[in-house]
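What follows is a short report on a single structure.
The values are calculated or read from the model by the stated rules, or taken from the named source; none is laboratory data. Since the structure is predicted, the reported quantities are computational estimates derived from the model, not experimental observations. When we count neighbours, we look across all protein chains shown, and the Cβ atoms used for this are built from the backbone with ideal geometry, even at glycine.
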Amino acid sequence: MTYSTKQLADLAGVTPRTLRYYDKIGLLKTQRDPDNQYRVYTQDEVDRLQTIRFLQLFEMPLAQVKVLLDGPAENLTVALKQQRKRITAKRDQLSLLLTTLDQTLEKGVDTMTDDEKFAAFKDQSIKANEQQYGEEIRQQYGDDIVEASNKKFRDMSQAQVAQLTALQQEILDALKPLVGTTDFNTRRQNASSNCTSNFYK
């Protein structure tokens, strides 16, 4: 089955002008009817447009969409996996927010314990750390030690969390003057190693 520009625009929920623009930039090239030279869209173009529309849901720039669709199929698979990871992280963040909101509505801020008020923020920090460093630290220290350390962080008082955050910032501030130097890379690695080793003991 083939579609005219208007037919496909109506089907996909876009304007004919959008389809013509996609054709112009090479994102969605079309066939031409030999009798009248009107644009004709085959099933291949329909499938490609569906993928374009799908990728746009992730707010992906058209230039990036074109690179993915014109490149090897595995590149698109990798990009979709990355988007899934990002969406999962956002979902978890919203889930934590809903948990805190429900507790606040149920108990009221005045009756919530200090731990309950900040539990969601601690969990969010742990999840962010897992996403960025989880695979590395679990390989180096093992699941049991990492889980024990996460529990240790959850059990920290807000004062202890504040002290830990201040220490991290102090280290970063001390390293700033050395950015771009060999000494910076060496000290950053040593500081990171020392902090990580101490926390996961």
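Worth pointing out:
- Restricting attention to the stretch 106-139, the residues that are over 21 Å from residue 153 (Cα atoms) and at pLDDT 70 or above total 1.
- Looking across the stretch 59-87, the residues that are surrounded by 11 or more Cβ atoms within 10 Å (Cβ to Cβ) and either among the small types (Gly, Ala, Ser) or closer than 20 Å to residue 15 by Cα (or both) come down to 60, 62, 65, 66, 71, 79.
- The residues of the stretch 55-94 that are among the acidic types (Asp, Glu) and either at pLDDT below 90 or within 10 Å of the chain's Cα centre (by Cα) (or both), listed by number, are 59, 92.
- Leading residue by the ranking (surrounded by the most Cβ atoms within 10 Å (Cβ to Cβ)) among those in the stretch 17-39 that are of a type in the set (Val, Ile, Thr) and assigned to a loop (DSSP other than H, G, I, E, B): 30
- Restricting the stretch 161-173 to residues that are at pLDDT 70 or above and surrounded by 11 or more Cβ atoms within 10 Å (Cβ to Cβ), the residue that is nearest to residue 93 (Cα to Cα): 162
- Selection over the stretch 48-58 of residues that are in contact (Cβ under 8 Å) with a residue 12 or more places away in the chain and either exposed (fewer than 10 other Cβ atoms within 10 Å of the Cβ) or in a helix (DSSP H, G or I) (or both) gives a count of 7.
- Residues considered: 42, 18, 2. Of these, the only one that is hydroxyl-bearing (Ser, Thr, Tyr) and either more than 17 Å from residue 53 (Cα to Cα) or not assigned by TED's automatic domain parsing to the domain that holds residue 55 (or both) is 2.
- Criterion: farther than 30 Å from residue 125 by Cβ and touching a Phe, Trp or Tyr at 6+ places or on another chain (Cβ under 6 Å) - qualifying residue of 38, 3: 3
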